[in-house]
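Colleague: My questions will all concern the structure given below.
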Amino acid sequence: MTSALNDALVSTWVTGWSRCRDYEVRHDGPVHASLRTGHQSTDGQDWEYVLANPDEDALTAASVEVQQHPGRLLTVVGTAPAIPEGVPLKRVSTGEKLMVVDMTGQDVEAPIVPEEFEAAIERNEPDWFLLTITSTDQHSAGAGAVAARGRVAAVDGYAVFDRIWTSPEFRRQGLGSLVMRYLASLALEHDVQEGLLVAGAEGQALYGHLGWTELADVTVFGALEDHTENPSHSDLS
């Protein structure tokens, strides 16, 4: 049986997601903050505040921070709330889902990689992996093309998957499933029981096919002055 949505689970996901992207992370009560790089706020502090089904006080405090510092983001995991009156924010991203899977049913052995591809593993501290799949000279594209990538971090008994990507030229060749199974085998080098990830609409079907279940909606809010379009927790940005 997989976990239910709660603050500790969201804290774990934020930690793993930030670790996979080399973002600084802070936890202050119900507010889990990640310092995103490449997303410019007015003060150079690109914080994203993540809350799980927040109460009114926590939601108001985080909303005010975002309103006062355009470029910062507020992400709510769970039922999308009404933003407090007098705090002008807008929804800038919807459609993502927090998903979960039981890792005890995953294969501890790395999958066999077809001869048209080869896998390279980069091990990073603390406890996260980067997997890159490239083509070999057996593939019609020739050798050395980056075909797919993915990352996974082990955090407090969870495997947090991120940046699962397949090049458009290599889609429909089973690489998405290959990356997920390979990353699962790497994560199982640690004592993990469940997997977590946030998926956009395109990825949800793939993960559902692999046994993942939807746990909660993920909704992102920004200041009215913020012109960022659809910030994503599942793409390469």
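The values are calculated or read from the model by the stated rules, or taken from the named source; none is laboratory data. The structure displayed is predicted, hence computed values, not measured ones. All Cβ positions, glycine included, derive from the backbone under ideal geometry; neighbour counts span all protein chains shown.
Colleague: Please find, among Leu215, Leu175, Leu210, the residue that is modelled with pLDDT of 95 or more and closer than 21 Å to Thr104 by Cβ.
Modeller: Residue meeting the stated conditions: Leu215.
Colleague: Can you confirm whether the range 191-210 contains a residue that is within 24 Å of Ala8 (Cα to Cα), in contact (Cβ under 8 Å) with a residue 24 or more places away in the chain and of a type in the set (S, T, N, Q)?
Modeller: yes
Colleague: How many residues does the range 150-163 hold that are over 9 Å from the mean Cα position of the chain (by Cα) and either crowded, with 24+ Cβ neighbours inside 10 Å or assigned to a strand (DSSP E or B) (or both)?
Modeller: Within the range 150-163, residues that are over 9 Å from the mean Cα position of the chain (by Cα) and either crowded, with 24+ Cβ neighbours inside 10 Å or assigned to a strand (DSSP E or B) (or both) number 8.
Colleague: Which of the residues spanning the range 61-120 are in a loop (DSSP other than H, G, I, E, B) and among the small types (Gly, Ala, Ser)? Step through it out loud before you land on a result.
Modeller: Start the filter on the range 61-120 by keeping residues that are in a loop (DSSP other than H, G, I, E, B), which leaves 69, 71, 78-88, 106-116.
Of everything in the range 61-120, those that are in a loop (DSSP other than H, G, I, E, B) and among the small types (Gly, Ala, Ser) turn out to be Gly71, Gly78, Ala80, Ala82, Gly86, Ala110.
Colleague: Something else: Please tell me if Ala119 is under 25 Å from Asp217 (Cα atoms) and touching a residue at least 40 places away in the same chain (Cβ under 8 Å).
Modeller: no
Colleague: Glu116 - would you say it is acidic (Asp, Glu) and outside the structural domain of Ala148 (by TED's automatic domain parsing)?
Modeller: Working: acidic (Asp, Glu): yes; outside the structural domain of Ala148 (by TED's automatic domain parsing): no.
Considered against the rule, which asks whether it is acidic (Asp, Glu) and outside the structural domain of Ala148 (by TED's automatic domain parsing), Glu116 comes out as no.
Colleague: Now for a separate question. Could we say that Asp7 is at positive phi and either of a type in the set (D, E, K, R) or modelled with pLDDT of 95 or more (or both) here? So that I can check it myself, show each step before the final result.
Modeller: Values: at positive phi: no; either of a type in the set (D, E, K, R) or modelled with pLDDT of 95 or more (or both): yes.
The answer is no for Asp7.
Colleague: Do the conditions hold for Arg181, that is, is it within 28 Å of Ser140 (Cα to Cα), modelled with pLDDT under 95 and over 15 Å from the mean Cα position of the chain (by Cα)?
Modeller: Taking the combined requirement at face value, the residue does not satisfy it.
Colleague: Identify, please: which residue in the range 40-82 is among the charged types (D, E, K, R) and closer than 20 Å to Ala8 by Cα and is, among those, modelled with the highest pLDDT?
Modeller: Glu48
Colleague: Among the residues of the range 77-90, are any more than 13 Å from Phe221 (Cα to Cα), crowded, with 17+ Cβ neighbours inside 10 Å, among the hydrophobic types (A, V, I, L, M, F, W, C) and touching a helix residue (DSSP H, G or I) at 6+ places or on another chain (Cβ under 9 Å)?
Modeller: Scanning the range 77-90, I find no residue that is more than 13 Å from Phe221 (Cα to Cα), crowded, with 17+ Cβ neighbours inside 10 Å, among the hydrophobic types (A, V, I, L, M, F, W, C) and touching a helix residue (DSSP H, G or I) at 6+ places or on another chain (Cβ under 9 Å), so the answer is no.
Colleague: Condition test on Pro114, is it within 26 Å of Ala205 (Cβ to Cβ) and over 17 Å from the mean Cα position of the chain (by Cα)?
Modeller: Taking the combined requirement at face value, the residue satisfies it.
Colleague: Tell me, which residue of the range 97-115 that is in contact with an Asp or Glu (Cβ under 9 Å, 6 or more places away or on another chain) and modelled with pLDDT of 95 or more is farthest from Asn53 (Cα to Cα)?
Modeller: Met103
Colleague: Quick check on my filter: what residues within the range 42-60 are in contact with a Lys or Arg (Cβ under 9 Å, 6 or more places away or on another chain) and outside any loop (DSSP other than H, G, I, E, B)?
Modeller: Selection gives Trp47, Glu48, Tyr49.
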